[in-house]
Amino acid sequence: MEVTITTENFESLKNGELPLVVDFWATWCGPCRMIAPYIAQLAEEYDGKIVVGKCDVEENDDIAMEFGIRNIPTILFIKDGKVVDKHVGAATKAKLQEKFEKLL
């Protein structure tokens, strides 16, 4: 299950017990829409092991600025409150799944 990441819930998710994957996106971003189904599928497959969230950069520019997000989609992989991996741009589901596996 994907969660919507906002300024209000980000800190608790980032510092939660489970690793966090954050998909920074915007409604007008073509590549973001292209990978959205992969992110949704992986969120289902890793439910209970990894929290997967989507962060709209236009509604939460403070979070985007905190991590220096300049291009979207950008996907951050966070463990124990720290960014341990990052992917910028479109990707195959297999490539994203590799990064999910490394996070466990």
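Summary of values
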read-out	value
The chain: relative contact order as a whole-number percent, Cα under 8 Å and 6+ apart	37
Quarter of the Cα convex hull surface for region 1-51, i.e. its orientation-mean projected area (nm²)	3.6
Over region 17-104, equivalent-ellipsoid semi-axes from the Cα gyration tensor in Å	19, 16, 11
Estimated 222 nm signal from helices in the chain, with DSSP H stretches of n ≥ 4 weighted -39500 (n - 2.57), rounded to 500	-11500 deg cm²/dmol
Per DSSP, loop chymotrypsin sites (Phe, Trp or Tyr not before Pro) in region 1-51 with at most 14 further Cβ within 10 Å	TRP28
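Just so you know, all these numbers are worked out from the coordinates, no wet-lab data involved. Source: prediction; values computed, not measured. Counting neighbours? That spans all protein chains shown, and the Cβs are built from the backbone with ideal geometry, glycine included.
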